[in-house]
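What follows is calculated from the coordinates using simple rules that are stated; it is not laboratory data. Quantities reported herein were computed from a predicted structural model and do not represent experimental measurements. Cβ: placed from backbone, ideal geometry, glycine included. Neighbour counts: every protein chain shown.
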Amino acid sequence: MIKSMTGFGKAKAVCGNVLLTVEIKSLNGKALDAALKLPSRFKEMELEVRNIFNEKIIRGKLDCFVMIEKTETSNGISIDQNAFVKIYNEIKSLADKVGADTTNLLTYVINQPEVRCTEVQDLSEEEKTSFLAIVHQAVEQLDSYRVCEGKILEQDFIKRISIIRELLSQVDNFEFDRTIRIKERIVSRLNEIVQANIDENRLEQEMIYYIEKLDITEEKVRLTQHLDYFLQCLDNEKEQGKKLGFIAQEMGREINTLGSKANDAEIQMLVVKMKDELEKIKEQVANIL
């Protein structure tokens, strides 16, 4: 089973006297890169949240948002009356001197940080536990999303691996004619030099080297092994993204060598099609955990 690095998780619950909403979005990334936006009251919980991400999410670029909504039992905002009177009188006096409009002066002054006094309390153990539970719920939703995305990618991988395997099997259809053409070309060249004074032992060595250089049996066998191993890794429970990427690179190496050694137009066309399917696999492998 594979997982995508793309996902979304959301959880909402009452924590103390506020309603907390935790949203986590993830995209692909080589390592875990988490950007957290926590309310000031929950800043002290950042390390615990990151530890949860390290343990559960493993890899990916994350954006985590924690939003607060006040409940009916939330503490109200107290007003520093002395600060309010002082700021109001000073601004009112300046406004009167320049003839400025003071219609919204009351609203402006009451929203000043010096005037609004929100009572800040340390988080209780119960609130900390509740907050981390909400984060866990969001992470579990994210993980479920990743699993669903992984299943879709897995089906796409299986389809494309099957296409490459089918294209590889078609190479055999052109092997006989290719071998005949190579033999005819060799015989033609030998007939041209038959009258020349040549070292027969050296000629035999060169012929063996030339024939081995054109032989593509080994590339076909190795490519088949890589295709089988790729499918085996899809069933592994652990993170397989990097390993699948390495296998895809090896498949590309064998396909390229197959194309360069084939020296045949029909086989080259099959190689191009295999490369096209492999590129699509590589694009999707980058999204695998």
Legend entry - Amide H within-cut-off set for LYS3, under 5 Å, with H built and near neighbours excluded: GLN240, LEU289
Inset, instruction - List the residues whose amide H sits under 5 Å from the amide H of ALA34, counting only those 5 or more places along or on another chain, with H placed 1.01 Å from N in the peptide plane. - result: LEU62
Inset, instruction - Sort 81-90, 135-144 for me by packing, meaning the mean count of neighbouring Cβ atoms within 10 Å per residue, highest on top. - result: 135-144, 81-90
Legend entry - Burial ranking of peptide ranges 1-7, 58-64 (average Cβ count within 10 Å, highest at the top): 1-7, 58-64
Inset, instruction - Using a 10 Å cut-off on Cβ atoms, rank the peptides 47-55, 149-157 from the highest mean neighbour count down. - result: 149-157, 47-55
Inset, instruction - Excluding VAL22 itself, calculate the net charge of residues whose Cβ lies under 12 Å from the Cβ of VAL22, where each Lys or Arg counts +1 and each Asp or Glu counts -1. - result: +1
Inset, instruction - For segment 270-284, just list the computed ³J(HN,Hα) in residue order, Karplus coefficients 6.51, -1.76 and 1.60, θ = phi - 60°, integers in Hz, with x standing in for Gly and Pro. - result: 5, 4, 4, 5, 5, 4, 4, 5, 5, 4, 5, 5, 4, 4, 7
Legend entry - Whole-Hz couplings from phi, Karplus 6.51/-1.76/1.60, listed for segment 106-111; x for Gly and Pro: 4, 5, 4, 5, 5, 8
